[in-house]
Amino acid sequence: MSSAAPSPVVAPAVNDNPTVRISKGINGLDKVVLRDFRGSSVEVYLYGAHVTSWKNEHGEELLFVSSKAIFKPPKAIRGGIPICFPQFSNLGQLEAHGFARNRFWSIDPSPPPFPVNSSNKTYVDLLLKSTEEDMKIWPHSFEFRLRVTLGPAGDLMLTSRIRNTNPDGKPFTFTFAYHTYFSVSDISEVRVEGLETLDYLDNLQNRQRFTEQGDAITFESEVDKIYLSTPTKIAILDHEKKRTFVIRKDGLSDAVVWNPWDKKAKSMADFGDDEYKHMLCIEAAAIEKPITLKPGEEWKGRQELSAVPSSYCSGQLDPRRVLQGS
Ligand code: TA6
């Protein structure tokens, strides 16, 4: 018997791209791992096309996933970036946040040319097509293509392309959100910039419409608000971690801000009682003006996340400059 050490099992590459590999994740669910040579990485499960990890070049996790998250259909994974389609929240007849987040997606064998010409090769294309089962609850034929890209600077881009493939000439209408759970050091120390003075619908008050005050948003209780017609850039400042998350969005006019705080946290079985202290959802969304597509038409919605190492008080990075800058 040879004494040579067994060669390490290397996860198969997707489309022969060594920076993109498919492997088995929790409960044997398939996941795709994107890595760049500087050490940044992203993990996305085919179940729900659900990004569950985004790490910077130091290997620090930037997204929150609950320690009680359930990786088992039909439950949606609690944390990361669930995709809400074709319905946000309970704005319709479907289950909350629609069904895309609890369907199995596939790796797109032949994605159509991508709208943006990028030299970046660290991406994976995922595909969800309507099934007969889906048609029973949402009688529309669609193709949903999601490209998940790990950018050269460790940025995370999600680009959705949704096409109406109804053969009967019927249009369809949907609402949408990237329900992103950011990992934060301490929710009571975090500020959100870019939503000042905007109108919002308060989900805790029957979606009544209010206007936000002029300062950065801070947190001291449960919040569940849909900010309307926001700027394309929003910043989350985490003093303790000396980190600023910048969310850039395109084709997604609204932004949802959610933290369940203590009571709601206790009511969620797949969420730890104290975990509300370390997460904040800022969700790039299309809600107030639902998207309508005629057959053959395609919608594109994109979000780009970056984490820049600094904090407001250090003066190194004034969020207003970030939000006004390129
Ligand atoms: O996006 C905010 C929200 O709609 C909240 O109302 C809360 O329900 C949260 O989403 C989580 O929803 P989920 O269906 O994942 O439990």
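For segment 21-48, how many residues are farther than 20 Å from Asn120 by Cα and surrounded by 18 or more Cβ atoms within 10 Å (Cβ to Cβ)? Let's see the steps before the verdict.
In the first step, residues of segment 21-48 are kept if they are farther than 20 Å from Asn120 by Cα; the result is 23-31, 45-48.
Cutting the leftovers down to surrounded by 18 or more Cβ atoms within 10 Å (Cβ to Cβ) gives us 25, 29, 31, 45-48.
Going through segment 21-48 one residue at a time, the tally reaches 7.
Could you tell me which residue of segment 228-279 is nearest to the ligand (Cβ to nearest atom), considering only residues that are in contact with a helix residue (DSSP H, G or I) (Cβ under 9 Å, 6 or more places away or on another chain) and at positive phi?
My answer is Trp261.
Being at pLDDT below 95 and of a type outside the set (S, T, N, Q), is that true of even one residue in segment 141-150?
no
Taking into account only those residues within segment 83-105 that are within 10 Å of the ligand (Cβ to nearest atom) and either among the aliphatic types (A, V, I, L, M) or farther than 11 Å from Phe176 by Cα (or both), which is surrounded by the fewest Cβ atoms within 10 Å (Cβ to Cβ)?
Step by step, filter segment 83-105, then rank; the result is Asn90.
Scan segment 75-92 and report the pairs whose first residue is more than 15 Å from Leu63 (Cα to Cα) and free of Cβ contacts under 8 Å to residues at least 12 places away in the same chain and whose second residue is open to solvent by 10 Å² or more (accessible area, probe 1.4 Å) and within 9 Å of the ligand (Cβ to nearest atom), with Cβ atoms within less than 6 Å and a gap of 6+ or a chain change.
Asn90/Ala96
Just one of the numbered conditions (1) touching a residue at least 60 places away in the same chain (Cβ under 8 Å); (2) open to solvent by 30 Å² or more (accessible area, probe 1.4 Å); (3) touching a Lys or Arg at 6+ places or on another chain (Cβ under 8 Å) is not true of Leu158; which one?
(2)
In segment 120-148, how many are in contact (Cβ under 8 Å) with a residue 40 or more places away in the chain, crowded, with 19+ Cβ neighbours inside 10 Å and either among the charged types (D, E, K, R) or not in a loop (DSSP other than H, G, I, E, B) (or both)?
Number satisfying all stated conditions: 8.
In this structure, does Ile70 turn out to be touching a strand residue (DSSP E or B) at 6+ places or on another chain (Cβ under 7 Å) and either touching a residue at least 60 places away in the same chain (Cβ under 8 Å) or open to solvent by less than 30 Å² (accessible area, probe 1.4 Å) (or both)?
no
For segment 156-194, name all the residues that are out of contact with any helix residue (DSSP H, G or I) (no Cβ under 9 Å at 6 or more places or on another chain), within 15 Å of the ligand (Cβ to nearest atom) and in a loop (DSSP other than H, G, I, E, B).
Across segment 156-194, the qualifying residue is only Thr180.
Of the conditions (1) under 17 Å from the mean Cα position of the chain (by Cα); (2) touching a residue at least 24 places away in the same chain (Cβ under 8 Å), Thr232 fails just one. Which one is it?
Looking at each condition in turn, Thr232 falls short on (2).
Consider Ile187 carefully, then state whether it is aliphatic (A, V, I, L, M), more than 18 Å from the chain's Cα centre (by Cα) and open to solvent by less than 20 Å² (accessible area, probe 1.4 Å).
Criteria met by Ile187.
The values are calculated or read from the model by the stated rules, or taken from the named source; none is laboratory data. The structure displayed is predicted, hence computed values, not measured ones. Heads up, the Cβs are rebuilt from the backbone with ideal geometry, glycines too, and the neighbour counts pull from every protein chain shown. Surface areas here come from the heavy atoms of the whole protein model, side chains and all, with no ligands, DNA or RNA. Shrake-Rupley method; radii C 1.70, N 1.55, O 1.52, S 1.80 Å.
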